[in-house]
Amino acid sequence: MIKYGFIGTGNMAQAIITGLLNKNVPASDIGVTSPRSADKLAERFGIVALPAQNLIDDSDIIILAFLPNQLENVTAQLDFKNKLVVSVLAGVTVAQLTSATHTTQVVRTLPNVNVAINLGVTAFSQTKLTAENNHVFQTFSSYLGERVAVDESQFAVFSAIAGSGPAYVFKFIDALAQAGVENGLEPTLATKIATQTVLGSAKTLSLSKQTAQELQDTVASPGGSTRAGLDDFKAQNFDETILHAINATISHKHL
Ligand SMILES: NC(=O)c1ccc[n+]([C@@H]2O[C@H](COP(=O)([O-])OP(=O)(O)OC[C@H]3O[C@@H](n4cnc5c(N)ncnc54)[C@H](OP(=O)(O)O)[C@@H]3O)[C@@H](O)[C@H]2O)c1
C-alpha cells in the first residue's frame, strides 16, 4: 500500500485527493498538512491530518500543493529524508525543488483540475528515480488521467494549455450556451446542450484517427450552414484570439 502525504490542502490538493479516492485508494492512506484547513479537510474526506514532519515520516510520496511563493517558507524546517517528492507548484523548477527539499527524488508535475474525475492531463519532468519511487510515481500519476513527459522549458506552455485550459473550455461552453440563449433557448437547456456537445466532440476526436481540422470538414459541408459559421470564426480572427490569450497566460508571472 502506498501512503500519500499532501502539504497544502487547496483546490489542487483536493482535486488530486478526490481522484485518488475515486480509484479506491483507502482514505486512511492519505494524509494532509496545512496551517488552517487540514483538520477540516481530513474530516470531510475521512483522511488523516498530521503535523508536517510526521506526515513526511509516514508517507511514501509527498505531494507539494501550496502556492509557489511559499516553497522556502514551508520547506525550511522539514527533513524530507530523500523521499519521493512530487511538486504541483507552477513555475517552480526541479533545481529549486531539489535545493529546497534536499532530495534528489523530486518530480515536477503540472496537473489540471480534471484529475478529480481521473481525466486530467499531467505534465511531468523526467527525473532519475529509484525503481521503487518510479513505481510509486507511476501508480500515483496513472490515477490522475493522461501523463505526458515535458521538458522543463515547456512547462509554461503546457500550463497555459492544460492548466488554464479548463477555464478557457468553460468560457467557450458558456459563450456557446449564451449564443443559444440569445436565440431563444432556455439557459439551463442551452448549457446542457453546449456541454454535451463539447464532451461528445472531445470524445469523438480522442477516438478518431482524423485530426481536429479534418473532423471540422466532416461536419461542415461546402456551402452549408456550419461552413458559414466557420467562415465567420475566421473573419473574426478566432485562432488569433486564442493564440493571444495563451500568450498572455504564458507571459503572466505565477503568484
Ligand atoms: N488550481 C489549479 O488548477 C492548479 C493547476 C496546476 C497547478 N496548481 C498549483 O497548485 C498549487 C496550489 O494551488 P491551489 O489552487 O490549490 O491553491 P490554494 O487553493 O490557494 O491552496 C493553497 C494551500 O496552501 C496551503 N498552505 C499555506 N501555507 C502553508 C504552509 N506553511 N504549509 C502547508 N500548506 C500551506 C493553504 O493551507 P491553509 O488553507 O491551511 O492556509 C492552502 O491549502 C499552486 O502551487 C499552483 O501553482 C494549481
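The values are calculated or read from the model by the stated rules, or taken from the named source; none is laboratory data. All of these numbers come straight from a predicted model, not from anything done at the bench. As a convention, Cβ positions derive from the backbone with ideal geometry for all residues, glycine included, and neighbour counts pool all protein chains shown.
Here are the numbers for the structure shown:
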item: Close pairs (6 angstrom Cβ cut-off, 6 or more residues apart or separate chains): within 18 Å of Val113 (Cα to Cα) and touching a residue at least 24 places away in the same chain (Cβ under 8 Å) in segment 140-160, within 15 Å of the ligand (Cβ to nearest atom) and assigned to a loop (DSSP other than H, G, I, E, B) anywhere; result: Leu144/Pro111; Gly145/Leu119; Phe158/Val150; Ser159/Ala90
item: Qualifying residue in segment 146-164 (condition: surrounded by 11 or more Cβ atoms within 10 Å (Cβ to Cβ) and more than 27 Å from Gly19 (Cα to Cα)); result: no
item: Candidates Val169, Val181, Val198 - the one that is over 24 Å from the mean Cα position of the chain (by Cα) and in a helix (DSSP H, G or I); result: Val181
item: Selected residue (only one of Ser208, Ser221, Ser164 is polar (S, T, N, Q) and either assigned by TED's automatic domain parsing to the domain that holds Ile16 or in contact (Cβ under 8 Å) with a residue 24 or more places away in the chain (or both)); result: Ser164
item: Residue within segment 68-75 that is of a type in the set (A, V, I, L, M, F, W, C), within 10 Å of the ligand (Cβ to nearest atom) and farther than 16 Å from Phe137 by Cα present; result: yes
item: Failed item, numbered, when Ala100 is tested on (1) assigned to a helix (DSSP H, G or I); (2) buried (at least 19 other Cβ atoms within 10 Å of the Cβ); (3) near the ligand (Cβ under 10 Å from one of its atoms); result: (3)
item: Criterion (of a type outside the set (Lys, Arg) and within 11 Å of the ligand (Cβ to nearest atom)) met by exactly one of Ala42, Ala27, Ala65; result: Ala65
item: Any hit, segment 154-164, residues being of a type outside the set (S, T, N, Q), touching an Asp or Glu at 6+ places or on another chain (Cβ under 8 Å) and within 30 Å of Ile30 (Cβ to Cβ); result: no
item: Residue match in segment 173-183 (condition: of a type in the set (A, V, I, L, M), surrounded by 15 or more Cβ atoms within 10 Å (Cβ to Cβ) and in contact (Cβ under 8 Å) with a residue 40 or more places away in the chain); result: no
item: Some residue of segment 214-231 being assigned to a helix (DSSP H, G or I), in contact with a helix residue (DSSP H, G or I) (Cβ under 9 Å, 6 or more places away or on another chain) and of a type in the set (Ser, Thr, Tyr); result: yes
item: Pairs, first more than 9 Å from Leu64 (Cα to Cα) in segment 6-20, second not in a strand (DSSP E or B) and not aliphatic (A, V, I, L, M), C-beta under 7 Å, six or more apart; result: Thr9/Ser34; Thr9/Ser37; Met12/Pro111; Ile16/Pro111; Ile17/Phe45; Gly19/Asn118; Gly19/Tyr143; Leu20/Tyr143
item: Residues within segment 103-132 that are surrounded by 24 or more Cβ atoms within 10 Å (Cβ to Cβ) and part of a helix (DSSP H, G or I), tallied; result: 1
item: Unique match (being surrounded by 12 or more Cβ atoms within 10 Å (Cβ to Cβ), more than 19 Å from Ile117 (Cβ to Cβ) and at pLDDT 95 or above) among Leu215, Leu243, Leu205; result: Leu215
item: Segment 5-38, residues that are crowded, with 23+ Cβ neighbours inside 10 Å and of a type in the set (S, T, N, Q); result: Thr9, Thr33
